[in-house]
Each structure stands twice: as C-alpha cells, then as structure tokens.
C-alpha cells in the first residue's frame, strides 16, 4: 500500500551504488567494413574504455588498455575495423595499435608524448594506408597546437603528413575505389556547427605506399562563418553525401563529382537538424543501406528527441519517417551481410536502458508500410541492480515549451515529476516538490529525453527535475542557437530563472519556487554560477542553492588557458575577443561578482581538467567562503572534464544530495 511523506524525503532503491557500480556505457559502435562484425567501445566503471565483440560479448581490448583519444580533449573516433583487424588509439600513451581478436595489440605509430590520433579512414584498396586526424602538442599551448590529416602506414609503422592549413579536421572518407578523399575542415573562430567546409580531392598511391592529395581540382563545399557542411561520406565513386544548414537546419545534401553539382537531396527542407553538433569526432548521423547506395537511414532531431528517416539518395529524393522508440540515436553504421538492409547504432530509451541496437528495415523510402524491427545486441546497465528497480519508479520525460519575458520567446524544457511507487505523494497538504534545475553543458548542446539514472536518483526521492534547453541550445535550428550569440551568461541565465519561475507560479504550478536549486556541468556550471552572481537583483536570489560541476568562474582566465578546440569559441558567445571587449569578459565572470552569491554553493572539480582548469574552482570558493556563505568544494584525483570513475560518480552524487537535503532542511 502506498504511503506519503514530504517531498524530497522519500526512500529510494535507486542508490548511488546501484547506478554506478558495474555501470557501463557506449562511446561508439565499430563495424568491420569487410566482415560486418559489430564491435563497440564500452565505458567501464574503472574509467577506461574497452573494445568488445558485440555479438559474443568477449573483450577484444580491455584491462590496462584505454580505447580513447585526447584529440580536441573530448575525443571520439578512437577505433576502426577492417577485415578482422581493429585499429585504435590508446589514451595513456597516445599511440595507435592494431589487433586481431584473441591477440595482443601491436603499435603502428612511433612512441611520442605529444601526438594524438583519431577519426581513422582505411584506404579501400591498400588497407595498410590509414588517414587520421593528428593533433601535435609539441608546443602545448592552445595557439600552437597543430591539427592536420596524416597517413599512418600500418606495415612500415610510420606517420607522414597529408593535409594541413586549416585549424581543425574531421571525418576523412575515401571513395569506394580509393581515388578521392573527402574531409571536413574549419577555422578559428568557428566551431564546426557554425562554419565548416567539406573538401573533395583526388588522391593516388605511389608504389602502393604513399598517398598524395592533389592540390589542383579540389572542390570546397560550404563556407566559413555562417554555413556548416558536415559529416561527408561516399555513396559511390561519384556521389558524396553530407549535411548542410543553408536553410537554418542541417539537412541532407549530395555532391556529384562528374557534374560538380552540389544540391539538397530533399525537394523542401525539413525544419529539423539531421545530426548533432560535433563535440566529439567519429559520430555519424546516417548510414547508407545495402550495397546499391540508393537509400540511407538518417537521424534527425525533433522536439528534443531523435527521429529516423529513410531517404532516397538523389536530388529530389523521397523521405519516409519510420517508427522508432529510441529518443536518442547516434553512431549509425550499415551492415552488408544480409539481403534485408540493416544498421546498428547506439540507442537510448526514455523509460528503460538502451544499448547497441540492431535494426532491419525495408530500403524503400517510398514505402510507408515499412515496418522496422529493433533488437538490443548489448544493453547498457545501471549496475547489477538496474533490472531490480520496482515497476513504476521511472519518471518519464515531459517536454514543454515555456514563453519567457521580455519577448515571450519559447524556451524548451523537459520536466520530470517526483515518482516512486511506494509513495502516493506528500504528507503535507498542498506541498509542491523541491526542484533541481539542470543547465546542460556546451553551451551549444541539448538535454535529451533518454533515461538518466542520475535524474531518477532525485525524482524517486520526491524531487522534481527540470532540464532547461535555454536559448543557444542545439537541436532547434540555427536561429534558436543564435539566441546566445553575444549573450552568454545573460540569455541562458534568464531562461533558467524564467522557466523555473513559470513552473512554480499560477494554479497549475508544478514545483516549489522557494526550494528550487540550480546545477550544471562545464558551461552549465558557468550558467549556475552566473545565475547566483551575475543575475540582476533580486533574480540572483531566486535559486535556493547551486552546484557547479567543473564550471567556469573566470572568463578572462578561460580565454587564456582553455584548450585549442574551444580557445576561440567564446568570441561569438561573448560578442568579441577579450582584447576587443575586456570589460564584457570581466563583467560576465561570476568571480567578478562573487560577493553577490548569498545562497549555499557546492563546487565539484576534477584535478586534471584541461578544459576548465581547477584554479577556477579554487578562486571562487575562497571568495564565497570568505564572505561567510556556505560554500563547499571538492577536488577529484585522476578526473578531468567530467567524471569517468565509478567511485567519483558515487561520491559526487551522494555529496550533491546531502548538500540539497541540508540547505533545504529536508528531513
């Protein structure tokens, strides 16, 4: 029989141990281009990544190995497979290795403490030739780190230069006959979703050893500063597909080498983004189905969740949406081992664990009766007890749009109500639940709707949870993202405050505004600190407390010592460089206004963070604590920008809950 108790005091079986000990996740799916064997890169509680044969569930690379790359700090694209051989980057030493199942990895790049490799492409004819993104940290300051495309020769175990000149590279892709190479590149101060180019060039082999990308006849698709061409991949020797956001939304386009024509695939643009911002390398929002190259499965984002389309790969091609229960779809790869077109991906559900998913579907975009079949090849896990949680304990995501002042612009949020089958509600008549407002990182990112045990940890205890996809978030088109241009620390802060206020007022209020806290990691940590320090009076007192996880407190210092990938990201977000508008950087820094923080603050920080250095946490803690305000700080050994180890996740989660219980006086 259900009982009642004050919100925020409910007992829950979703403990920090249950959701961290033994928990795994998936960084990527890797499909052998010859054998169609499916592997995945699996995040382990140790903080390391392993390569696993998905079908047999046998480790191929594990133990002391860590299949991960430090390129752009956020990594991605750490492994590729062909004809039974897997090539991967090993994070501890930065080298690339090759391995067959059942054997010991063998290095194919020289020893080096300054080179990092990612995002591989194997030559379709000469399989020992591998193109990779190379990041050279010989001079390890952001302005002097050099990014290029290089050639790795897996036989001679040598590395040689291939393409240089841009600030960043990604997504190298060979045509099926190996005579052309396409890649994505972009230049400071653009991020890849702001202004990126796709380059198509002829290439050849000299004595089967050295790849040459010919300077003449290169075709550049896209432009700097304003239009993003991303995710190139060959359909045939003459046709290249990619995404392009000329319409304001990233949609599929096609380039034909024989005619030089570059055109949209769809007759009319769909107002949905086909792909997410490239924070990591190696992701792919589509997969070409079958061997004919006539159709592809594409992921798009609608209303904060993934949807799937089958699209004909020709100018004016038809697009047919297919039913898909997965709210997050990423790392799509086609299979070529059956008569029925199939593909695999990393999929997440809103109400149960996801994992590595296999889907078979009709390859006809013109067939509306096409019925896909989904099966999970390897499930993600909430530790050993995830399946033992009682029915009815998962709080489902409830996406909403809230109109906020001064212009009544919509702000997209996802609300999670308190839910626990052991409790019918509060024992206090009329009580509204305390609420955790979460500001996502990025800031050009998005809080999705997939099952997240961290959120359920709180909702099962009688808290509400509110994800705010503030202006500047991705997934809602370029115009919505541009709301943050020049207004970082203003628009995001106002949207978080106003969204929480909207849900806490009126006859249909869902939360207790006086017991609402704000938290966030990285850029979300900055929004948290700015909401408490920078917001105008009395808005800076709206939240009852805040938690900053590896958040930014000093924009001036961040502009000087963050990593290369984001070193000039702030220029558009702030409205100029520090030299141009120093007063804005100073004024938007929470540390400048730290004496205005009058509510309790919790700061959690990794000691090895290269994105937001630990001294940012130290300095703001000293000021706030020195003013007599409750301010706790904790540093974690061996952690960088985000938590990877189970013990860190457990300690941080338990500490955050205790902090809210204490400051909100929950018994």
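The values are calculated or read from the model by the stated rules, or taken from the named source; none is laboratory data. Computed from a prediction, not measured in an experiment: that's the story for all the values here. Ideal geometry is used to build each Cβ from the backbone, glycine not excepted, and the neighbour counts take in all protein chains shown.
Values as computed for the structure displayed
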{"item": "Strands (runs of 3 or more DSSP E) fully within region 286-332 counting 2 or more residues that are in contact (Cβ under 8 Å) with a residue 60 or more places away in the chain and out of contact with any helix residue (DSSP H, G or I) (no Cβ under 6 Å at 6 or more places or on another chain)", "result": "295-302, 305-312"}
{"item": "Selected residue (criterion: nearest to residue 195 (Cα to Cα)) from residues of region 147-173 that are assigned to a strand (DSSP E or B) and touching a helix residue (DSSP H, G or I) at 6+ places or on another chain (Cβ under 9 Å)", "result": "168"}
{"item": "Residue in region 72-92 that is free of Cβ contacts under 8 Å to residues at least 60 places away in the same chain, touching a strand residue (DSSP E or B) at 6+ places or on another chain (Cβ under 7 Å), farther than 26 Å from residue 276 by Cα and part of a loop (DSSP other than H, G, I, E, B) present", "result": "no"}
{"item": "Where residue 46 falls short, out of the listed (1) within 19 Å of the chain's Cα centre (by Cα); (2) surrounded by fewer than 19 Cβ atoms within 10 Å (Cβ to Cβ)", "result": "(1)"}
{"item": "Test: residue in region 154-176 that is within 26 Å of the chain's Cα centre (by Cα), surrounded by fewer than 22 Cβ atoms within 10 Å (Cβ to Cβ) and under 22 Å from residue 640 (Cα atoms)", "result": "no"}
{"item": "Residues being part of a loop (DSSP other than H, G, I, E, B) and over 28 Å from the mean Cα position of the chain (by Cα) - total across region 257-285", "result": "6"}
{"item": "Residue in region 416-423 that is touching a residue at least 12 places away in the same chain (Cβ under 8 Å), in contact with a helix residue (DSSP H, G or I) (Cβ under 8 Å, 6 or more places away or on another chain) and assigned to a strand (DSSP E or B) present", "result": "yes"}
{"item": "Meets criteria (surrounded by fewer than 19 Cβ atoms within 10 Å (Cβ to Cβ) and farther than 25 Å from residue 27 by Cβ) for residue 113", "result": "no"}
{"item": "Flag if residue 628 is free of Cβ contacts under 8 Å to residues at least 40 places away in the same chain and part of a loop (DSSP other than H, G, I, E, B)", "result": "yes"}
{"item": "Strands (runs of 3 or more DSSP E) completely within region 190-253 that count 2 or more residues being surrounded by 15 or more Cβ atoms within 10 Å (Cβ to Cβ) and at pLDDT below 95", "result": "197-206, 210-213, 219-222"}
{"item": "Long-range neighbours under 7 Å by Cβ, at least six apart or interchain, first residue over 23 Å from residue 648 (Cα atoms) within region 45-56, second surrounded by fewer than 16 Cβ atoms within 10 Å (Cβ to Cβ) and at pLDDT below 95", "result": "none"}
{"item": "Within region 13-26, tally of residues that are surrounded by 21 or more Cβ atoms within 10 Å (Cβ to Cβ) and either free of Cβ contacts under 8 Å to residues at least 60 places away in the same chain or assigned to a strand (DSSP E or B) (or both)", "result": "1"}
{"item": "Failed item in (1) over 28 Å from residue 236 (Cα atoms); (2) in contact with a strand residue (DSSP E or B) (Cβ under 6 Å, 6 or more places away or on another chain); (3) free of Cβ contacts under 8 Å to residues at least 60 places away in the same chain, with residue 183 passing the rest", "result": "(1)"}
{"item": "Test: residue in region 97-109 that is within 22 Å of residue 283 (Cα to Cα) and under 25 Å from the mean Cα position of the chain (by Cα)", "result": "no"}
{"item": "Any hit, region 300-307, residues being under 25 Å from residue 256 (Cα atoms) and touching a strand residue (DSSP E or B) at 6+ places or on another chain (Cβ under 9 Å)", "result": "yes"}
{"item": "Some residue of region 575-588 being surrounded by fewer than 21 Cβ atoms within 10 Å (Cβ to Cβ) and under 18 Å from residue 472 (Cα atoms)", "result": "yes"}
{"item": "Flag for residue 474 being closer than 21 Å to residue 19 by Cα, in a loop (DSSP other than H, G, I, E, B), at pLDDT 95 or above and under 16 Å from the mean Cα position of the chain (by Cα)", "result": "no"}
{"item": "Residue match in region 359-373 (condition: over 23 Å from residue 8 (Cα atoms), buried (at least 19 other Cβ atoms within 10 Å of the Cβ) and modelled with pLDDT of 95 or more)", "result": "yes"}
